[in-house]
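The values are calculated or read from the model by the stated rules, or taken from the named source; none is laboratory data. Remember, it's a predicted structure, so these values are computed and weren't measured experimentally. For neighbour counting, all protein chains shown are included, and Cβ atoms are generated from backbone atoms with ideal geometry for every residue, glycine included.
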Amino acid sequence: MPLETVVEERYAAAARRTQDALCCPVDYDPHFLEIIPQEVIERDYGCGDPSRWVQKGDTVLYLGSGTGKICFIAAQVVGPKGRVIGVDMTDEMLDEIFRVLRLGGRAVISDIVSDEPVPEEMQCDLALWSGCISGALTETAFLEAFERAGFHGIELVKRDEQPWRTVQGIEFRSLTVRAFKGKPGPCFERKRAVIYKGPFREVVDDDGHRLRRGDRRAWRSARHPGGAVENRRREAAGLAGDAADRRRDRLAGLSRPPTRGTMN
């Protein structure tokens, strides 16, 4: 039987009758669950809660929506000025997400990952496949998939300390990643110099800029990893211009010398 058919049939059966062990349990904000039909709550088989990173007014495309619990929650968060679109299982989801995102749009994805590669004999087990086990990427491969799709500002926002399941010594846990569709083309000249203060000897950003601890360097970058749309949101929040830059620099361990000239 084809793998896709096995997965579809197992989840179709779970839609008719609750299966507690189909995927890892997720704690949702109970406030948002009050208006959701009980049958939807009982038959939710997600592996994380990306709705925690949804904001008021967002347009949300939720892929792999299942019975729609996250869509119900996200709709309450975005409010009347936002939109929520739920789409069930689709191929090459990361590439599709990147394609449809606006410049500055962000993706938040939860999935089951493993701490080491899944061996071939487990990959051939259809029951483990449909149970979110055999098809799991390693944590590193999951993050690399975002890079290959073209995302920037990739951030691991939630990693369960305890594994959901351990099979043949391999740990499987939920991982949630946030990433942005960044600006295209070359970086902007910021016309200022910065010093990376540490604690690491050297850091490299997503555009390949290398900063060594203590070195004074010209600062060339996008205005923000999220691009133009994200910048407008930051401006509305009072974080625009120098204030926003300085706040981000503090988080990154950067300091600025008094001069605002460029350096070669």
> When Gln162 is evaluated against the numbered criteria (1) over 22 Å from Val26 (Cβ atoms); (2) exposed (fewer than 15 other Cβ atoms within 10 Å of the Cβ), which criterion, by number, is the only one it fails?
Replying inline: (1)
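Filter the helices (runs of 4 or more DSSP H) completely within segment 66-182 down to those with at least 3 residues that are of a type in the set (Asp, Glu) and either modelled with pLDDT of 85 or more or under 12 Å from the mean Cα position of the chain (by Cα) (or both).
By residue number, 139-149.
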>> Whether any residue in segment 212-225 is farther than 23 Å from Trp53 by Cα, of a type in the set (A, V, I, L, M, F, W, C) and out of contact with any helix residue (DSSP H, G or I) (no Cβ under 7 Å at 6 or more places or on another chain) is what I want to check.
In response: yes
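From the list Arg192, Arg210, pick out the single residue that is touching a strand residue (DSSP E or B) at 6+ places or on another chain (Cβ under 8 Å), exposed (fewer than 14 other Cβ atoms within 10 Å of the Cβ) and of a type in the set (D, E, K, R).
Arg210
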>> Looking at segment 211-226, I want the residues that are among the aliphatic types (A, V, I, L, M) and have a partner that is in a strand (DSSP E or B) and at pLDDT 65 or above with Cβ atoms under 7 Å, at least 6 apart or on another chain. Which pairs are those?
In response: Leu211/Tyr196; Leu211/Glu202; Leu211/Val203; Leu211/Arg217; Ala218/Ala193; Ala222/Phe188
